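Enquirer: This is the structure I want to talk about, given as structure tokens.
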Amino acid sequence: SLIDHFSAIADSVSLPIILYNVPSRTGRNLEPETISTLAYSKDNIVGVKCASGNIDQITKIIKTTPDDFIVLSGDDSMTYHIMALGGRGVISVASNIIPSKLVEFTDSMLNNEWNKARNMHLELYDLFKVLFLESNPGPVKYAADIMELMNSRMRMPLTPPLEENKKKIREVLEKLNLM
């Protein structure tokens, strides 16, 4: 079972562990009950990065884990919603190209500036979505390249985004004055 698996890992290390629930990549969903059981039974399982896209599930995780358990968004477009429920931040893809903006965005929520956070979420939403038109890291590497932050050369098995998606990424970056 997943509880046995993660318990064995937790028992073998003294480092803090953050679980990562990304069913689209693993083919397995960490259910809220599993996460809660691990949170209460293993002191070094300190949090979870939630990338399921399921706000009901994330709500249940926040509701059923200890108050000091760290729930992080693993999907930029869900960060506002997760932090509104008590999440503590994001492990972000967009922060690779707009780090200061993401700090400002998360800080606004941590400082209870919800109107500012809402406006920033709506402003950045299209960017959050185009960065996932294809598998990470292709779109964000392409965005970083056209923003002149790095070059987007990739080694196999990674490939650049499709031309139609490059166009969409460029349009969003232009709209946000990021290039």
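Enquirer: Of the numbered conditions (1) touching a residue at least 60 places away in the same chain (Cβ under 8 Å); (2) over 30 Å from E148 (Cβ atoms), I98 satisfies every one except a single condition; which is it?
Expert: Answer for I98: the failing condition is (2).
Enquirer: With the checklist (1) closer than 27 Å to G138 by Cβ; (2) surrounded by 14 or more Cβ atoms within 10 Å (Cβ to Cβ); (3) over 15 Å from the mean Cα position of the chain (by Cα); (4) not β-branched (V, I, T) in hand, flag the one item S52 doesn't pass.
Expert: Unmet for S52, out of (1) closer than 27 Å to G138 by Cβ; (2) surrounded by 14 or more Cβ atoms within 10 Å (Cβ to Cβ); (3) over 15 Å from the mean Cα position of the chain (by Cα); (4) not β-branched (V, I, T): (3).
Enquirer: Any residue in region 151-163 that is at pLDDT below 85 sitting within a Cβ distance under 8 Å of a residue that is assigned to a loop (DSSP other than H, G, I, E, B)? List the pairs, counting only those 6 or more apart or interchain.
Expert: The qualifying pairs are S152/P160; M154/P160.
Enquirer: Of the conditions (1) crowded, with 22+ Cβ neighbours inside 10 Å; (2) not assigned by TED's automatic domain parsing to the domain that holds I17, M120 fails just one. Which one is it?
Expert: Failed condition: (1).
Enquirer: For region 9-64, give me each residue that is closer than 19 Å to I82 by Cβ and among the small types (G, A, S).
Expert: Of everything in region 9-64, those that are closer than 19 Å to I82 by Cβ and among the small types (G, A, S) turn out to be S24, S36, A39, G47, A51, S52, G53.
So that you can scan it fast, the table gives a plain yes or no per residue for (1) closer than 13 Å to I98 by Cα; (2) touching a Cys at 6+ places or on another chain (Cβ under 9 Å); (3) of a type in the set (A, V, I, L, M, F, W, C):
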site: L127; (1), (2), (3): yes, no, yes
site: V130; (1), (2), (3): no, no, yes
site: E134; (1), (2), (3): no, no, no
site: V140; (1), (2), (3): yes, no, yes
site: A143; (1), (2), (3): yes, no, yes
site: M147; (1), (2), (3): yes, no, yes
site: L158; (1), (2), (3): no, no, yes
site: E163; (1), (2), (3): no, no, no
site: K167; (1), (2), (3): no, no, no
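Enquirer: Of the residues S1, S7, S12, S41, only one is farther than 28 Å from N136 by Cβ and surrounded by 14 or more Cβ atoms within 10 Å (Cβ to Cβ); which?
Expert: S7
Enquirer: Please work out if S152 is crowded, with 16+ Cβ neighbours inside 10 Å, farther than 24 Å from G47 by Cα and among the polar types (S, T, N, Q).
Expert: yes
Enquirer: Pairs, please: C-beta under 8 Å, at least 6 apart or cross-chain, first residue over 14 Å from N44 (Cα atoms) and in region 16-29, second among the charged types (D, E, K, R)?
Expert: Within 8 Å, the pairs are Y20/K49; N21/K49; V22/K49.
So that you can scan it fast, the table gives a plain yes or no per residue for (1) exposed (fewer than 15 other Cβ atoms within 10 Å of the Cβ); (2) in the same structural domain as L30 (by TED's automatic domain parsing); (3) touching a helix residue (DSSP H, G or I) at 6+ places or on another chain (Cβ under 8 Å); (4) at negative phi:
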{"site": "I61", "(1), (2), (3), (4)": "no, yes, yes, yes"}
{"site": "P66", "(1), (2), (3), (4)": "yes, yes, yes, yes"}
{"site": "S73", "(1), (2), (3), (4)": "no, yes, yes, yes"}
{"site": "M78", "(1), (2), (3), (4)": "no, yes, yes, yes"}
{"site": "I82", "(1), (2), (3), (4)": "no, yes, yes, yes"}
{"site": "G87", "(1), (2), (3), (4)": "no, yes, yes, yes"}
{"site": "I97", "(1), (2), (3), (4)": "no, no, yes, yes"}
{"site": "S100", "(1), (2), (3), (4)": "yes, no, no, yes"}
{"site": "T106", "(1), (2), (3), (4)": "no, no, yes, yes"}
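Enquirer: Are there any pairs, at least 6 apart or on different chains, whose C-beta atoms fall under 6 Å, with the first in region 63-75 and part of a helix (DSSP H, G or I) and the second surrounded by 15 or more Cβ atoms within 10 Å (Cβ to Cβ), and if so, which?
Expert: T64/P32; T64/S36
Enquirer: Quick one: A144 ticks every box in (1) modelled with pLDDT of 95 or more; (2) among the hydrophobic types (A, V, I, L, M, F, W, C); (3) farther than 19 Å from D75 by Cα except a single one, so which number is it?
Expert: Going through the list (1) modelled with pLDDT of 95 or more; (2) among the hydrophobic types (A, V, I, L, M, F, W, C); (3) farther than 19 Å from D75 by Cα, A144 breaks only (3).
The values are calculated or read from the model by the stated rules, or taken from the named source; none is laboratory data. Note that this is a predicted model, so its numbers are computed, not measured. When we count neighbours, we look across all protein chains shown, and the Cβ atoms used for this are built from the backbone with ideal geometry, even at glycine.
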